[in-house]
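The values are calculated or read from the model by the stated rules, or taken from the named source; none is laboratory data. Just so it is clear, the structure is predicted and the values come from calculations on it, not from any experiment. Please note: Cβ atoms are built from the backbone with ideal geometry, for glycine as well, and neighbour counts cover all protein chains shown. For the accessible areas, the whole protein counts, side chains as well, though only heavy atoms, and no ligand, DNA or RNA atoms are used. Shrake-Rupley method; radii C 1.70, N 1.55, O 1.52, S 1.80 Å.
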Amino acid sequence: MHNKKFSRGTKRQPGRSLGKFLFGNDGYAFTFTLIALPFLVAISAWIIDASRVTNLHTDLQNGVDSMALAGARELDGRNDAISRAEDAVAAIANNEAWFGGGSGGPGGKSFVSFDPNDASASSVDVHFLGAIPASDDTPILIGGNACQGVAPLVANDDCTVKGATEAIRSNNARYVWVVAKNMTVNGIFPIGSIGPASVAVNAQAVATYTAAACDVTPIYVCNPFESNIDEGVEQNPLYDGDTFNQHFEDGDLYGRQFTMRNTGNSSPAPGNFGFLRTEGNGANVLAHALATGSPGVCYSQDGLDTEPGANVGPVEQGLNVRVGLYAGSFGGYDDQYEYRPDVNIRKGQDQTLNNNHICSKYEPEEDPLDGMPFPTGANITVIGGGNVSDNNWDLDTYWDITHGGHENADPKPADDPNYAAPPAPAAVVNFKPSLPGSATIAPPVPSRYDAYTYEIQNNMIDNTGPNGESGNQTATACYGGATAPVAADERRVIFAAVLNCVELAESGELQGASTDLPAEAFARMFMTKPVTTDGNDKEIYLEMIDVSGQGGLGTLENFLREEAELVR
């Protein structure tokens, strides 16, 4: 046998193989990927869940923003403001909130909704506030005694806005605060520390109501029920502590004729009137704004600008265009639609004047039984800046002279010492559509404005009195331009601001040309007679028809530009 020789193989070294593995660079990316994979998965899960949380918060915020704006738009201070605001919030029912743990599971949606009659069925809580903290950094806290920076809607309220009648709460509500209840985002990867099991999401919004008026007669009137404040000054006999709006709501303004005088350069007093700033300067600009009702600017209820009180000259000429009198330079505007008279301009004008004077100057009949304007009330109360007569004006005589056919009577009532007017028709006596439904009084006759409205609605403006005067705007041929539909044109109705003049003057805010003055309210007022002159003063004769805010009848909506704005 031959001995075979075998070559000895290389003996493997364990240390060298391990080192080669450790220090080799083949496939290292795959190795690091395996090591980093858990962290990448966790970060991805967090990013996905974070985006879902952000999406839910955006949806919630959009939902409560729209609800707050809708609710605030109704907070106009009227007695039903809160109920209307709640209805407006409830109507915003289609805002979707995705990823909020809805019926579709983690990716489902819920709806941001409000039911004023069922808090448990609502996904938001709605609160109405009188004021909020001045700083956005101060949180709003309500409930029990936790009232921080929040003005209650009524005295002794605990900031939960309970315990008061809805009307009182509505009158004082200035802000609506909508708070979404927590919605939960369920994490997609809620395993261990990879992702959160759930995240609670919330949102809230605060909105308020603002009002501005654009087609306004540039006049403000001083609150006739305001206190004189100054010691030693005889107090206003009408003052009883109630607000202007409360008096309107109670019916204290219905049918009462206010004779108001311009403040001039004197300290303002209850019953005075003054002027609001117009676009452009000068008495002529103001006169035309008074005549047309187009001042060229809008007036915010919280920021009125006034003109100096000495601008009294244009008042008579500008306002009297509305009752068919074209004095001075306005004689050249007696055929322009913007300067048309009211459809019912009956004013007791002397009809024996020549055409030039009858169309430019107010000359009432010496004997009102020949031709009668709306009479003054039976009793007159003098207030600081004018006077006010009660609501018991002589409707019977006015109606008989104006609509009784006396132009053919012989002798005429003016010549009959035994003349006594028969009672006015019951349909007229009971016609009181502008009397507030909440009135605590029972006026004996309708307001002059309601009587004027009755004449228009029943085609009585062409009726003539003993002197031949009618209410038709073309009866005296003073105006030759186009006319508006009878039912839609009330040029004797002016729209102006009501200020607490004494308080504003006492604080130094109302001094001639003033800025950013708060209005107590806006008001619609009826010119019962043309403007007249008493020495250096002009006097306007007005009845209050409607007011903005508490107790209002809602007829000012066509004059106001109402907006809601988010403040938080």
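If you put +1 on each Lys and Arg Cβ and -1 on each Asp and Glu Cβ, how big is the dipole of the stretch 348-406 around its Cα centre, in Debye rounded to 20?
On the way: 1 positive and 10 negative charges, 57 e Å.
Charge dipole of the stretch 348-406: 280 debye, to the nearest 20.
Leaving out ligands and nucleic acids, note down the accessible area per residue over the stretch 497-543 with a 1.4 angstrom probe, in whole Å². Please list the in-between numbers first.
Numbers: 1650 Å² over 47 residues.
Computed with neighbouring chains in place, this is 35 Å² per residue.
Using modelled amide H (1.01 Å from N, peptide plane; none on Pro or chain starts), what sits under 5 Å from the amide H of Tyr299, excluding residues fewer than 5 places away? Here Ala213, Cys214 satisfy the definition. Share of carbon and sulfur in the accessible area of the stretch 344-388 stands at 46%, probe radius 1.4 Å. Highest mean packing comes first when the peptides 435-448, 363-376, 503-516 are listed by Cβ atoms within 10 Å, giving 363-376, 435-448, 503-516.
Just order 170-178, 558-566, 275-283 by mean Cβ neighbour count inside 10 Å, highest at the front, would you? All intermediate terms of the calculation are to be shown ahead of the outcome.
Working: 170-178: 24.3, 558-566: 14.9, 275-283: 17.2.
Per-residue mean Cβ counts within 10 Å order the peptides as 170-178, 275-283, 558-566.
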